[in-house]
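What follows is a structure written as structure tokens; I'll ask about it next.
The values are calculated or read from the model by the stated rules, or taken from the named source; none is laboratory data. Computed from a predicted structure; not experimentally measured. Cβ atoms come from the backbone with ideal geometry, glycine included; neighbour counts cover every protein chain shown.
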Amino acid sequence: MAAEAPGHGTPGSFFRMEDDALLRGKGRFIDDVKLPNLLHAAFVRSAHAHAMVRGIDTAEARSLPGVRAVLTYADLRPLMTGDRIGLGLPSGYLRFHVDPFVLVKDEATYVGEPIVLIIAESRRVAEDAANLVVVDLDPLPVVVDVDKAVVNGSPKARLDCPDNVVARTSVKYGDTAAAFARADHVIVERFLLHKGGGHSIEGRGVVAHFDPASDLLTVWNSTQMPHRCKSILIDMLALAEHQVRVIAPDVGGGFGPKAVFHPEELAIAAAALLLQAPVKWIEDRFENFVAAVLERDQSWNVEVAVDADGRLLGIRGAVRHDHGSCTPYGLAIPYNSATNLVSTYVLPALDFDVLWCLTNKVPTSSTRGAGRPQGTFVIERMLDLVARRLGLDRTEVRRRNLIPAEKMPYSVPIKMRDGSPMTYDSGDYPESQRQALLAADWDGFPARREASLKAGRMRGIGLANYVELTGRGPFESVTVRVGPSGKILVATGATAQGQSTKTTLAQVVADILHVDLDRVQVSCGDTATSLLGVGAFASRQTVTAGNSACEAARIVAQKALDIAAVLLEVSAADLELVDGAARLKGVPEIKRDLGDLARAVNGSIGFPLPGGIPAGLFATSNFQVQGTPFASGTHVAEVEVDPETGLVEIERYTVVHDCGRVLNPTVVDGQVVGGVVHGIGATLFEWMQYDAFGQPLTVTYADYLLPSADVVPRIDVHHMESPSPLNPLGVKGAGEGGTIGAPAAIGCAVEHALRPLDIIIRELPITPARLHAQIRAAQRALREAAKT
Amino acid sequence: MKPAPFAYHAPGSLRAALDLLAALENPRLLAGGQSLMPMLNYRLATPDHLIDLGNIEELHGIDVTAAGLGIGSMTTQRTIQNSPLVARHCPLLIEALDHVGHQTTRNRGTIGGSLCHLDPAAELPLVSQVLEPTLTIAGRVGVRQIPFAAFPVGQLTTQLEPDEILTRVTFPPQPANTHTAFEEFARRPGDFAIVAVAVQITMGAAGLVADARIAVGGIEPVAVRLREAERLLVGQPWSADRVSAVLDLAESHPAEGDHNNPAEYRQHLVKVLAGRAFARVQAKLGTVDA
């Protein structure tokens, strides 16, 4: 559907209400926050991956003109309620807590860990001063490789921990031993999978300002979770709720890392309190590479048992995740990887060991997909190997294993956070695969392969099915308030980093109140306008905030009719909301505008409210989601491989995507396409590399490659709509599916292209050098075989 | 990521620039800044004075004289890329420029800046190994001219003295029956090459190769000519066997690898890219026996 002018009635592809300001350069990002007498911050960061701090000499830095303060852990500690920032989410899998410090106390545990905070009159002076600080670091043994780090006698990534295994669990159901005992085929594989950082175009950034007159610490923060930030600041700085306001202004992309509270956020707030002056810190790209969380490496051992027809009987194995030097957030990534092995398939038994390993690298946390792309990659690779072993078509082996539509809702006995089993709420996976193959012209592939061969290229086509857990609870807060002006303010704890959060919520409210979109204003990411809030992660906001908006708007709509009924002396049942007014059915001249109805219940001095109706035309909903809607889909990738160089080029890309009811197809397309581009990056380009000493090797965009426009194909998106039965809007999240399916589909296509050489893709990313080494080895093996 | 403090100078004449260069402590020339500005921001370079050559009219421009195609050192890559004169007299330069960065960087990047920065993976130093331009270098005491082959000293290091400025690059006229090709392997369009190869073949009388030049970037700290391989071709008739022997020899040239692209892979790419370049040259040779 083409974009059209703002109007009411969902679903539809409306212009994004965010775009007018952003396209005119009138957005207000973190660096646009300007305050009088603003000071600027820079950090001195650890140059070693693991070292004891023997001394810090700040004298020369302090004496540089323009420097206001040079702060160490010892300077900030008196403001804090504890030594460490309490960040860890509750988890039974943690063997011990490893919360970070605001600045290094005595043991630096990764390159980039902040040790000293400089406050100066400009960022440039702060950087000059940072170069003058002398930190005496005494190097310690470094832990970089998870497979070595879990062995007894390995050096420890942190001296304050018993060992490197910070958490461990198993994802387990069914009788795996019996499944393997009766299997006709068992396939064993090993994978080394990497996933990079968030790489939002705007890095992190914080502006903190304490106003003694109002006794208020205001923190502007480029974050996905302002309410969590506020709560941590209250806890750590011994403040009360009324003393802290956190605002996430326009945020130039999040993609996961900005859901994590980083030590710099506390350090800047503490410095503003200490100096009684506003302080700004804008992360530069180097800092983003070394000190913002990312996903990084997983080491997998997998065994799959199938029967003679290629039907899955069971999976067992282990995944170890390179978790970095502390636990900044949750333990989601490898857990999601393991649970996503089930994917869209009937899997009777699973026994998977999941291990989180500390290393001397920046801590990990989720980036778009949150471990699911890796799990999906593994199950799809294994199904391809099953097809190969049994001589089956790759689409057929999937078809035989897909969960049939009539089994929905489909439960897998894996316990979720609320204690319930993992339940796929709706969807038609076989139909999704069928539509995707059709849309991608799967059957026309042989002709395209012939054409590529003539140009010396090996062409392959691949597919992947996937599920995505979305809409994680418990709730998101939305208040819908109609004012006497007739304008509608929607205030929410949901946040916006480019996902069209405002447009989506406005659409839901405008539809129910039957007003034009331009009568709706949305306030996101401000703890002062929404007292409760959770934030952006797990593709959750349309599910959580969307349904809260729906519920709150329905309450407001009913109240509007009730007020009008009193004023017009008719029954509310005879009224309807049309064009922003309550009007008598069949008599459109008899009506009251929403603004007038709001005025009536805002009160007039001394007069009782009409009909005894409670004051104010507003309602708040904290709709509590039940379960987690599972979005799903199928990706088909078609690639050309240059066998002489190992270069992979994506020629065609098709997505069939099912996120339940689609509120705004343009917005969902944007999410899916952006997600696929992230997935292309993870598959072919993005690789945060470290040497044996834990030194990051890829700290510029010349070395860490993002998928540029030149290497991204046209992405063809098709929607299926299997409404979620779990919420009134019938929606599921759409933010990550594009990323989850892409590595598996592209990997499948690359393997297919190189089928004559019998190559298995076991590593991500697939770089030309890596792939060419495999091609060369396979060619040698073929030549050797031909000789004998 | 802010540069360390420096003083900025923008002289309006070459003479003034040379005087500043001689007089100032720890100066650095700014010739487009597409490499230098990031180095300043990362504080990998910390000059006290930056002398911007952008305002010096005499360093801009393209002309053709008996000596060949002359290009002022501050002429932007974009200007060269769009120049009909360059297209006529030195098409290899334009072919290489198509791979240099992106249009926005080519709008600022200059030929002199690129040659003097001498990145091991850069395209302009590579094709200069094949095209053998003469470099005009101005110093306080006078002007000297040197062949490009003598210019590189090591990685990111040229023969330029601290008080000298490269002013002009003159590409000699190409003999008749000269054919060129440029091939590059990079991860994305516009990236620095992992390996790049430039080839120039001049056919002489009786169908014999009169001159052969093969240069490779990405295997040594400076783009390098494969002279032994060239000798296999010169004075010989063009033949597939000869080309095949050249490619094998090219592949055997030692390469320096790194964590992403090991030596063996780079050597293999030399063979693949040289093969593609030779195939294109051969196509231009037309009916010559292959």
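Could you look through region A:727-776, keep only residues that are within 14 Å of chain B (Cβ to nearest Cβ) and assigned to a loop (DSSP other than H, G, I, E, B), and pick out the one that is farthest from A:Val668 (Cα to Cα)?
Applying the filter and picking the extreme gives A:Thr767.
Within region A:416-425, can one find any residue that is among the charged types (D, E, K, R), part of a strand (DSSP E or B) and touching a strand residue (DSSP E or B) at 6+ places or on another chain (Cβ under 8 Å)?
The answer is no, given that none of the residues of region A:416-425 is among the charged types (D, E, K, R), part of a strand (DSSP E or B) and touching a strand residue (DSSP E or B) at 6+ places or on another chain (Cβ under 8 Å).
Return the residues of region A:126-182 that are farther than 30 Å from A:Gly66 by Cβ and within 14 Å of another protein chain (Cβ to nearest Cβ); say none if nothing qualifies.
Answer for region A:126-182, where residues must be farther than 30 Å from A:Gly66 by Cβ and within 14 Å of another protein chain (Cβ to nearest Cβ): just A:Val144.
To keep it simple, each residue is scored yes or no on (1) free of Cβ contacts under 8 Å to residues at least 40 places away in the same chain; (2) of a type outside the set (Asp, Glu); (3) in contact with a Gly (Cβ under 7 Å, 6 or more places away or on another chain); (4) crowded, with 18+ Cβ neighbours inside 10 Å.
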site	(1), (2), (3), (4)
B:Ala4	no, yes, no, no
B:Met39	yes, yes, no, no
B:Pro47	no, yes, no, yes
B:Leu50	no, yes, no, yes
B:Leu59	no, yes, yes, yes
B:Ala67	no, yes, no, no
B:Ile94	yes, yes, no, no
B:Gln103	yes, yes, no, no
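Let me ask you something else. Report, ordered by the first and then the second residue, all pairs with beta carbons closer than 7 Å, sequence separation of six or more or different chains, a first member in region A:705-726 that is within 14 Å of chain B (Cβ to nearest Cβ), and a second member that is surrounded by fewer than 17 Cβ atoms within 10 Å (Cβ to Cβ) and not in a helix (DSSP H, G or I).
A:Leu705/B:Arg188; A:Ser708/B:Arg188; A:Asp710/B:Arg188; A:Asp710/B:Pro189; A:Val711/B:Arg188
Which residue, of A:Val142, A:Val188, A:Val207, A:Val146, is in contact with a Cys (Cβ under 6 Å, 6 or more places away or on another chain) and over 30 Å from A:Gly473 (Cβ atoms)?
Among A:Val142, A:Val188, A:Val207, A:Val146, only A:Val146 is in contact with a Cys (Cβ under 6 Å, 6 or more places away or on another chain) and over 30 Å from A:Gly473 (Cβ atoms).
Moving to a separate point now. Which residue, of A:Ser343, A:Ser337, is at positive phi and surrounded by 23 or more Cβ atoms within 10 Å (Cβ to Cβ)?
A:Ser343
Then there is this: What are the residues in region B:1-43 that are among the charged types (D, E, K, R) and either more than 14 Å from chain A (Cβ to nearest Cβ) or farther than 26 Å from A:Ala130 by Cβ (or both), if any?
Scanning region B:1-43 gives B:Arg15, B:Asp19, B:Glu25, B:Arg28.
For the condition more than 12 Å from every other protein chain (Cβ to nearest Cβ) and more than 28 Å from A:Ala49 (Cβ to Cβ), what is the one hit in A:Gly675, A:Gly694?
Result of the check over A:Gly675, A:Gly694: A:Gly675.
Let me ask something else about it. Taking region B:223-261 on its own, how many of its residues are of a type in the set (D, E, K, R), part of a helix (DSSP H, G or I) and loosely packed, with under 14 Cβ neighbours inside 10 Å?
5
Which ranges mark the strands (runs of 3 or more DSSP E) fully within region B:119-222 that have 2 or more residues being hydrophobic (A, V, I, L, M, F, W, C) and more than 14 Å from every other protein chain (Cβ to nearest Cβ)?
B:134-138, B:143-147, B:165-171, B:178-185, B:195-203, B:209-217
While we're here: Among the strands (runs of 3 or more DSSP E) lying completely within region A:47-161, list those that include at least 2 residues that are surrounded by fewer than 22 Cβ atoms within 10 Å (Cβ to Cβ).
Of the strands (runs of 3 or more DSSP E) lying wholly inside region A:47-161, those with at least 2 residues that are surrounded by fewer than 22 Cβ atoms within 10 Å (Cβ to Cβ) span A:51-57, A:67-71, A:134-139.
So, in region A:125-164, of the ones that are more than 33 Å from the chain's Cα centre (by Cα) and among the β-branched types (Val, Ile, Thr), which residue ends up farthest from B:Phe6 (Cα to Cα)?
My answer is A:Val135.
Of the residues in region B:24-63, how many are of a type in the set (A, V, I, L, M) and part of a strand (DSSP E or B)?
5
Residues checked against (1) within 23 Å of the chain's Cα centre (by Cα); (2) within 30 Å of A:Glu476 (Cα to Cα); (3) modelled with pLDDT of 95 or more; (4) not hydrophobic (A, V, I, L, M, F, W, C):
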residue: A:Gln689; (1), (2), (3), (4): yes, no, yes, yes
residue: A:Thr698; (1), (2), (3), (4): yes, no, yes, yes
residue: A:Ala709; (1), (2), (3), (4): yes, no, no, no
residue: A:His719; (1), (2), (3), (4): yes, yes, yes, yes
residue: A:Pro723; (1), (2), (3), (4): yes, yes, yes, yes
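What residue, among those in region A:680-702 that are within 23 Å of A:Thr359 (Cβ to Cβ) and small (Gly, Ala, Ser), is surrounded by the fewest Cβ atoms within 10 Å (Cβ to Cβ)?
Within region A:680-702, the match that is surrounded by the fewest Cβ atoms within 10 Å (Cβ to Cβ) is A:Ala692.
Within region B:262-283, does at least one residue satisfy the condition of being part of a loop (DSSP other than H, G, I, E, B), within 14 Å of chain A (Cβ to nearest Cβ) and surrounded by fewer than 21 Cβ atoms within 10 Å (Cβ to Cβ)?
Yes, region B:262-283 has at least one match.
Exactly one of (1) within 14 Å of another protein chain (Cβ to nearest Cβ); (2) in contact with a strand residue (DSSP E or B) (Cβ under 9 Å, 6 or more places away or on another chain) is unmet by B:His89. Its number?
(1)
Turning to a different aspect of this structure: Every residue in region A:678-689 that is more than 19 Å from A:Leu647 (Cα to Cα) and at the interface with another protein chain (Cβ under 10 Å from one of its Cβ atoms), please.
A:Gln689
Condition check: of a type outside the set (S, T, N, Q), within 11 Å of chain B (Cβ to nearest Cβ) and over 30 Å from B:Met39 (Cβ atoms). Does A:Val648 satisfy that?
yes
Related question: Which condition number in (1) at pLDDT 95 or above; (2) within 14 Å of chain A (Cβ to nearest Cβ) is the one that B:Leu226 fails?
Every listed condition holds for B:Leu226 apart from (2).
In region A:760-777, is there at least one residue being in contact (Cβ under 8 Å) with a residue 40 or more places away in the chain, under 30 Å from A:Glu476 (Cα atoms) and touching a strand residue (DSSP E or B) at 6+ places or on another chain (Cβ under 7 Å)?
Looking through region A:760-777, none of the residues is in contact (Cβ under 8 Å) with a residue 40 or more places away in the chain, under 30 Å from A:Glu476 (Cα atoms) and touching a strand residue (DSSP E or B) at 6+ places or on another chain (Cβ under 7 Å).
What are the residues in region A:390-406 that are under 29 Å from A:Phe537 (Cα atoms) and either charged (D, E, K, R) or in a loop (DSSP other than H, G, I, E, B) (or both), if any?
A:Ile403
Would you check if A:Ala464 is within 27 Å of the chain's Cα centre (by Cα) and at pLDDT 95 or above?
yes
Next question, about the same structure. When residues of region B:105-118 are filtered for being part of a loop (DSSP other than H, G, I, E, B) and crowded, with 19+ Cβ neighbours inside 10 Å, how many remain?
Qualifying residue count, region B:105-118: 2.
Sticking with this one: Go through region A:366-389 and give me each residue that's part of a helix (DSSP H, G or I) and of a type in the set (D, E, K, R).
Selection gives A:Arg372, A:Glu380, A:Arg381, A:Asp384, A:Arg388, A:Arg389.
Considering only residues that are touching a strand residue (DSSP E or B) at 6+ places or on another chain (Cβ under 7 Å) and assigned to a helix (DSSP H, G or I), which ones fall in region A:440-452?
Correct list: A:Trp442, A:Phe445, A:Arg448, A:Arg449, A:Ser452.
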